[in-house]
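Throughout, read-outs are computed from the coordinates displayed, never taken from laboratory work. The structure presented is a predicted model; accordingly, all values stated were derived computationally and were not measured. All Cβ positions, even for glycine, are placed from backbone atoms using ideal geometry, and neighbour counts span all protein chains on display.
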Amino acid sequence: MARRAPPPLYEDVTDGVRIRVRPKFMYDESEPAAGRFMWSYTVDVENESERTWTIIRRHWRIVDAFGRMQAVDGDGVIGQTPTLGPGERFSYTSGAPLSAPSGVMSGTYDLIDDEGDELQARIPLFSLDSPYDTSRPS
């Protein structure tokens, strides 16, 4: 059996807040014949600044291979509002279903520090590429 390559890693830094995303196609949870393609993605948020930040909101934009866009906005991440002091990291894994075999995701996190200052940290654009699409967007 051939080994699958490790999923790609995408990363961006906004004012000392580093965000890394590693998407992974979920073979076992996808049903290509039914138009259901599922990905998991792991996000690492690392605070490389001297400030303490709390993630208070998320804003995602998901665009599938057919150009359909979904917006996902909400408080915190995975039901939490994590606080990261200097040098601290928070990681979580979530999922994204599409009705097309590929797409892209990007977004931002709204963070607030102890002084009440806000920062909008960029989540890098990343590809959701499945083996069922030969015309991938990335």
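Structure notes:
- Order of L9, L111 - criterion: other Cβ atoms within 10 Å of each residue's Cβ, fewest first: L9, L111
- Placing +1 on each Lys and Arg Cβ and -1 on each Asp and Glu Cβ, with no other charges, gives the range 10-129 a dipole about its Cα centre of roughly 560 debye.
- Across the range 39-49, coupling constants 3J(HN,Hα) worked out from phi with the 6.51/-1.76/1.60 Karplus curve, θ = phi - 60°, read 10, 10, 9, 10, 10, 10, 10, 10, 8, 9, 8 Hz, and Gly and Pro carry x.
- Theoretical FRET efficiency, 1/(1+(r/R0)^6), r = Cβ-Cβ of D28 and R61, R0 30 Å, to 0.05: 0.70
- In the range 37-138, chymotrypsin sites (Phe, Trp or Tyr not before Pro) in a DSSP loop with at most 14 other beta-carbon atoms within 10 Å: F66, Y132
- Equivalent ellipsoid semi-axes - Cα gyration tensor, the chain, angstrom: 30, 15, 12
- Placing R0 at 22 angstrom, the Cβ-Cβ distance between D75 and T14 gives a FRET efficiency of 0.65 after rounding to 0.05.
- Longest exposed-site-free window of the chain, the sites being GluC sites (Glu not before Pro) in a DSSP loop that have at most 11 other C-beta atoms within 10 Å: 51-114
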